[in-house]
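Since every read-out is calculated from the coordinates, none of them should be taken as a lab result. Fair warning: this is a prediction, and the values are worked out from it, not measured in the lab. Positions of Cβ are backbone-derived with ideal geometry, glycine not excepted, and every protein chain shown enters the neighbour counts.
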Ligand code: SF4
């Protein structure tokens, strides 16, 4: 029978490093809390790290502060040596996208691999039992990933409970479904609208980045046309302005529908 994750962790050689990457999201934060509360011998050895892309929301830093206080240990802040614009230029001004996800490689994976070097490492990953994904698995033979939540049957509701009972739920979950850069292309339409309402200055920045790459790529004198569909906008289905307009329209049609349904119920009553 193969070993359970904590047996692997406890049997690891003395010189192995135990690392847990905090993404700023709920799962990795809950995993850090879960291990501290239930496996103190492992938590004692743990090194926490956070790879800062330089485009994080303030709410993420607030969560890190709370978590550091709860864990009683620092969270190492790692970063790529250059800012996002440098990498954007290197990638021919192609905004990252689902198909061209260069941002994760340069802003997240590289700093992590530099942090651990060639040391033997046990890396604790917060993938839950109710998720059907693998996450990032390093190609380095020195890094062994373990999945405590997945093996211990911890699901989404458990994660929310663990956080409610410890550091609280990161605030951005009120309007966003995941952590990450303020301009992350994984955002849904309504999340872009949420960004515009909660952080108008960041939304404006994302808008300008999109305009700049569009204009730089299609600089035809007076023309300021922005192409969509080729990675030159944050979202394949249009420019940010178009997306936000659509989200607003959807929101108002849903609220209209709700009103009508309420009226119907009142009539029936
Ligand atoms: S959060 Fe989104 S944009 Fe930022 S590095 Fe990750 S995938 Fe890329």
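Could you give the length gained by full extension between residue 3 and residue 58, i.e. 0.36 nm per residue of separation minus their alpha carbon distance, to one decimal place?
15.8 nm
In degrees, nearest 10, range 0 to 90: what is the angle between the Cα axis of helix 189-198 and the longest Cα principal axis of the chain?
Between helix and principal axis, roughly 90 degrees.
Rounded to the nearest 5, what % of DSSP beta bridges with both residues in the chain are antiparallel? All intermediate terms of the calculation are to be shown ahead of the outcome.
Numbers: 2 of 19 bridges.
In the chain, approximately 10 percent of DSSP beta bridges are antiparallel ones.
Using just the helices of the chain, give the 222 nm mean residue ellipticity in deg cm²/dmol: DSSP H runs with n ≥ 4 each add -39,500 (n - 2.57), and the total is spread over all residues, rounded to 500.
-14000 deg cm²/dmol
Estimate the FRET efficiency between residue 142 and residue 246 by the formula 1/(1 + (r/R0)^6), using the beta-carbon distance for r and 45 Å for R0, to the nearest 0.05.
Approximately 0.45, to the nearest 0.05.
Which of the three applies to region 69-196, rounded, prolate or oblate, going by the alpha-carbon gyration tensor with a ≥ b ≥ c and a/c under 1.5 meaning rounded?
The shape class here is oblate.
Kindly identify region 1-75 as rounded, prolate or oblate by the Cα gyration tensor criterion: order the square roots of the eigenvalues as a ≥ b ≥ c, call it rounded if a/c is under 1.5, otherwise compare a/b with b/c, prolate if a/b is larger, else oblate.
Verdict is prolate for region 1-75.
Can you give the angle from 0 to 90° between the axis of helix 240-268 and the longest principal axis of the chain, with both taken from C-alpha atoms, to the nearest 10?
With both axes taken from Cα atoms, the answer is about 80 degrees.
Rank 250, 26, 108 by mean-square fluctuation in a GNM of the chain with C-alpha springs under 10 angstrom and give only the top-ranked residue.
250
Which of rounded, prolate, oblate describes the chain, given a ≥ b ≥ c as roots of the alpha-carbon gyration tensor eigenvalues and a/c under 1.5 marking rounded, otherwise prolate only if a/b is larger than b/c?
oblate
Relative to the longest principal axis of the chain, what angle (0 to 90°, nearest 10) does the C-alpha long axis of helix 58-71 take?
Tilt of helix 58-71: around 20 degrees.
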